[in-house]
Amino acid sequence: MPVFTHFRRPPHTAPDAATGTDTDPAETGTDPTAAHPFRARLAHWRAWRTRHPGPARVLRRTTTVLAAVLVLAALLLPNTYIALEPNRFTQLPAEAIVGAAVLLGLPRRPRRIAAVLYGGGLGVLTLLNLLDMGFGEYLGRGFNVVLDWGLLEDARSYVEDSLGGTVAALAAFGAIALALLLVAGMVLATVRLGDLLAGHRERATRGVLVAGTVWITCSILGLHAFGMPLASGRAAYALRAQTERVVDTVRDEAAFAKEAKADSFGATPGEQLVPDLRGKDVIFTFIESYGRSAVEDPDMAPGVDRTLDASTEALAAAGYRAKSGWLTSPTYGAGSWLGHSTFLSGLWVDNQQRYRTVTSGDHRTLTAMFGDTGAWDTVGIMPGVQKAWPEARFHGLDKVYNAYQLGYEGPKFSWSTMPDQYALEAFQRLEHGRKRDKPLMAEIILTSSHQPWAPIPRMVGWDELGDGSVFEGIEAAGEKSKDVIADSKKSREEYGKSVQYSVTCLTQWLERYGTDDTVLVFLGDHQPIARVSGQGASRDVPVSIVAKDPKVLDAIDDWNWTEGLRPAHDAPVWRMSSFRDRFLTAYGSTPHPSR
């Protein structure tokens with residue numbers, strides 16, 4: 001304090017222990033700043049500020065303004081990309097007023113601690129809002145702080161497969177660095193603003209009172225500016241939403257575990273399962289990202305619809321009929337495994353926790369039930385599986401072929417390990433074309449329509465496929481994934497082409513290799529990302545059943561599905577989880593609920 005200033009020694013001297021006289025620390029080698037580089041830099045900064053008061057004042061004010069802008073932007077930041085408009089940042093946030101009031105009422109040390117906590121929390125909340133934006137654009141939902149961290153690694157793997165390992169590593173490093181810088185910057189900003197408030201306590205107190213009065217008045221009167229309410233509580237709302245999401249997730253885990261134990265066909269003996277399909281080769285095929293938008297969107301649908309109509313006619317010429325409807329997928333944009341497990345289990349599996357619960361439990365899947373009858377051999381063709389896959393037990397498959405077991409020696413097509421045409425030909429060579437004592441039940445995942453939809457394979461002669469090397473030139477001449485990912489219009493165009501390719505592969509395979517006893521069930525697992533399917537698009541996907549035997553389609557007459565491979569706009573829409581039990585019932589299965 002000023003009264004004690006006459007006792008202070010000049011900063012450039014220190015008492016000599018032997019003589020009691022003042023000596024220059026630089027001469028004795030005892031300069032305290034030498035042992036504390038931070039103190040040295042601070043002293044240097046203070047000296048510069050003293051020598052250059054004008055620039056220092058400008059720098060100080062600029063820093064203060066940037067700190068205020070950063071904090072206000074974080075408090076008003078929405079959590080959806082579509083809401084990211086300039087008018088969102090013209091509001092008066094209640095959290096800023098309350099935060100200022102708290103900091104003004106605290107002594108120096110508690111104030112600094114409170115500012116650090118406030119800034120750190122605000123930085124984390126900003127990161128969650130940004131994650132919500134990203135998940136909303138790609139998955140059509142917000143980020144789940146309990147369940148979704150593992151999806152970030154999936155995103156990194158997707159970038160690596162699409163753009164290369166270097167790009168993926170740089171993107172991961174950049175994301176982590178940005179997150180750390182954001183939190184650190186927010187902490188420094190709140191500390192800076194807290195110190196500023198304390199340095200002008202009287203004026204700051206009056207300003208907080210005025211701001212609080214204005215906020216209350218605007219809130220009561222419902223005043224708006226630029227189309228937005230002047231009084232905002234956006235950050236508090238975002239925090240509450242994140243908290244409720246966590247609470248709901250924890251509650252859902254317990255509720256779903258109980259739900260998964262109930263199964264209307266859980267105790268049905270094998271001889272009473274799908275008796276009306278005995279002797280048939282039944283093939284369940286998922287087409288990646290094959291959604292309603294591909295069939296109805298004005299930009300993508302014309303090409304896809306022509307393919308569906310042409311394929312319907314070609315199959316009819318080969319003696320096949322088809323019926324089609326809609327299923328509502330539990331996922332959107334990605335998370336194919338959630339759609340697969342929902343379709344097969346008859347349970348609504350819309351998050352990773354539910355997926356872990358159902359795949360580690362004893363709930364019977366549609367594919368497993370075919371194996372339980374003892375009347376079918378069961379096999380899986382999984383070109384997208386490139387590592388250990390313990391879920392094979394859940395699917396109930398006797399044999400699974402992953403990406404490395406199908407004999408493919410050609411190039412990858414971005415994320416997709418091989419073209420669909422090759423995967424289907426490998427299925428024919430390894431399993432479907434073999435002589436066997438039992439009919440075959442197969443689950444096939446087709447991946448050529450997986451984002452980023454570049455490059456897309458082209459059809460080649462079925463007899464030319466060989467080991468897949470024929471695709472070398474096709475892959476090299478295709479679109480580059482980096483060009484398509486960055487262009488929404490191009491993404492939509494290439495997505496439509498990829499669906500056309502996948503449908504053509506599957507229907508041509510059926511024409512070429514199907515028999516009088518082949519039953520094909522194929523569907524999409526989810527809609528493409530929101531950037532392609534459009535904001536607010538449904539989660540509906542097409543589903544079709546194709547067979548030569550008229551009894552197969554007669555059994556589902558009461559489903560009121562559309563004739564052909566293209567479902568009508570007003571065709572029935574069911575939750576994907578309802579298909580299993582409807583299918584089992586239609587083909588003669590007897591319900592025996594599990595206890």
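The values are calculated or read from the model by the stated rules, or taken from the named source; none is laboratory data. In this text, all values refer to a predicted model and were calculated from it rather than measured experimentally. We place every Cβ from the backbone using ideal geometry, glycine too, and count neighbours over all the protein chains shown. Calculation scope for accessible area: heavy atoms of the full protein, side chains included, ligands and nucleic acids excluded. Shrake-Rupley method; radii C 1.70, N 1.55, O 1.52, S 1.80 Å.
Below, the figures for the structure above:
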{"read-out": "Average accessible area per residue (Å²) across the chain - probe 1.4 Å, nucleic acids and ligands excluded", "value": "48"}
{"read-out": "Förster-model FRET efficiency, 51 Å R0, residue 261 and residue 173, C-beta, rounded to 0.05", "value": "0.70"}
{"read-out": "Within the chain, percent of DSSP bridges classed antiparallel, to nearest 5", "value": "45"}
{"read-out": "Sequence-distant lysines (8 or more away, or on other chains) whose Cα lies within less than 17 Å of residue 480", "value": "412, 489, 490, 497"}
{"read-out": "Amide N of the stretch 480-510 lying under 15 Å from the label point, which is placed 7 angstrom from the Cα of residue 412 along Cα→Cβ", "value": "481-482"}
{"read-out": "Length added when fully stretched, residue 463-residue 81, from 0.36 nm per residue minus Cα-Cα", "value": "132.7 nm"}
{"read-out": "Expected 222 nm ellipticity per residue - DSSP helices of 4 or more, -39500 (n - 2.57), all of the chain, to 500", "value": "-16000 deg cm²/dmol"}
{"read-out": "Shape category assigned to the stretch 450-563 from the gyration tensor of Cα positions, a/c cut at 1.5", "value": "oblate"}
{"read-out": "Net charge contributed by nearby residues that have their C-beta within less than 15 Å of residue 442 (K/R +1, D/E -1)", "value": "-2"}
{"read-out": "Using a Förster distance of 56 Å, the FRET efficiency for residue 573-residue 58 (Cβ separation, nearest 0.05)", "value": "0.35"}
{"read-out": "Residues of the stretch 148-190 with amide N under 14 Å of the 7 Å Cα→Cβ point at residue 249", "value": "148-153"}
{"read-out": "Cut-off 10 Å between beta-carbons: net charge of the residues surrounding residue 344, Lys and Arg +1, Asp and Glu -1", "value": "+1"}
{"read-out": "Where labels lie 7 Å past Cα in the beta-carbon direction, separation of residue 113 and residue 428 in nm", "value": "7.4"}
{"read-out": "Anchor residue 548: lysines whose Cα lies under 16 Å away (excluding residues fewer than 8 positions away in-chain)", "value": "280, 323"}
{"read-out": "Potential lengthening between residue 386 and residue 73 on full extension [0.36 nm per residue; Cα-Cα distance subtracted]", "value": "108.4 nm"}
{"read-out": "Under 18 Å from the Cα of residue 258 - aspartates and glutamates, other chains or at least 8 residues apart", "value": "248, 350, 362"}
{"read-out": "Contour excess over end-to-end distance, with Cα ends at residue 512 and residue 226 and 0.36 nm allotted per residue", "value": "96.7 nm"}
{"read-out": "Summed residue charge, Cβ within 15 Å of residue 251's Cβ, Lys/Arg positive, Asp/Glu negative", "value": "-3"}
{"read-out": "Residues residue 200 and residue 558, FRET efficiency given R0 of 56 Å [Cβ-Cβ distance, rounded to 0.05]", "value": "0.15"}
